[in-house]
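In what follows, a single structure is set out as C-alpha cells and then discussed.
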C-alpha cells in the first residue's frame, strides 16, 4: 500500500540515470530500445532507426521532456506548478502544459458528466489519512467526512487560461494522475515524431504507437490481469493508436482491499463496477482519461459515450467476494 497521492499510479518522474546507461553507444541497432524508470514505474521506448546516434538523440530529447513535465504535474514535489496551485489556490502565468492538460481534463469532465473529475484529491487525502491510523475503521471514513470532501469535488470550479489558473472554492485541490500520464506519453510521441521517427512504441505506463513496425506488422501490448495472474489476460494490436488501463488494484488503502484509489466522484467512494477498464484511442490522453472515467460508470453509459467516439473499450468484471 502506497501513501503517495495518486489515482492509479503516482507521478514520480525519475527517467534517468539508469535509462541513459542502457542506451547503446555505437552500432546501428534495430530496434533501438531504451529502458528505465519514468512516471514512477518501469518504462521503455522502442525506436527503429538505422543510425544509433540519431536514436540516442531522440531518446535523450524524450527523456528530457519527461523530466521537464515532472516539474509541472508532480503532486509530491513542493515546487511543481500543480503543487503550488493546490497550496495557493491560484497560479499566475502558469506553464502552458498545465493549462492545456486542464483544458483536456475539463473537456473530459464535461463529456462524462463528472465521472472524470480531477478535483478528487480531497477524497484521496481523506482516505489516505483515515487508513494511516492504527485504529482505522475498516468500513472507511465516516459518511459525513466523505460528504465534506465530496463537496470540494467539482471540475467546473477550475478557472484556467494562459494568464491564470484558479480554484473557486477554498480547500479544492487537483490531481492529474488520471490524465497527465497520457498527456506526457503524447508529448514524448510527438517529440520523437518531430525527430523523424515513424516506427515507435512509447510505454510510460500508458502506451502509444507511432505507425507499425517497419515490416508492417502491428505493435502488441498486453493487458494485465487485474486478478493477479502473472500472464496478461489479452493482447491487443496497435498501429497509430494508444491504450491505457485503469484498475483499483493499482493502489489499495486497506489490507482487505475494499478501498482503492479510483474514486467515483458522485459517491466519494471507490468505484466498484469493473476490475479494470482498458481504452484504445488515437492518443494516450484520451485513453488515460476515459479509462479513468469509465471505471465508475455502468456499461450502458460507457457504450453511449464510446459509441460517439473513435475508441474501443475492454472491461474486466470483478471477481465475486467470498
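Since every read-out is calculated from the coordinates, none of them should be taken as a lab result. These figures come from a predicted structure and were not determined experimentally. Using ideal geometry, Cβ is built from the backbone for each residue, glycine included, and neighbour counts are taken over all protein chains shown.
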Region 28-88 and region 100-121 have their Cα centres apart by a whole-number Å value of 24
Under the 7 Å Cα-to-Cβ spin-label approximation, residue 51 and residue 136 lie apart by a distance in nanometres of 5.4
If R0 is 56 Å, what FRET efficiency do you get for residue 151 and residue 30 from their C-beta distance, rounded to 0.05?
-> 0.50
So what is the relative contact order of the chain, in percent, for Cα pairs below 8 Å that sit 6 or more residues apart?
-> 18
By the mean-Cβ-within-10 Å protection proxy, highest first, 56-65, 210-219 rank as 56-65, 210-219
Per-residue [θ]222 nm for the chain (sum of -39500 (n - 2.57) over DSSP H runs n ≥ 4, rounded to 500) = -10000 deg cm²/dmol
So, in nm, how far is label residue 79 from label residue 41 when the simple model puts each one 7 Å beyond its Cα toward the Cβ?
-> 2.9
Taking Cα atoms, the helix 52-73 axis meets the longest principal axis of the chain at an angle in degrees (rounded to 10) of 10
Once you sort the root eigenvalues of the Cα gyration tensor of region 139-239 as a ≥ b ≥ c, which label holds: rounded (a/c under 1.5), prolate (a/b larger than b/c) or oblate (the other case)?
-> oblate
If contacts are Cα pairs under 8 angstrom and at least 6 residues apart, what is the relative contact order of region 78-143 in percent?
-> 16
Distance from region 266-284 to region 129-150 (C-alpha centre basis), Å = 23
Could you calculate the FRET efficiency of residue 193 with residue 267 from 1/(1 + (r/R0)^6), where r is the beta carbon distance between them and R0 is 51 Å, rounded to 0.05?
-> 0.80
Contour minus Cα-Cα distance for residue 227 and residue 159 (0.36 nm per residue) = 20.5 nm
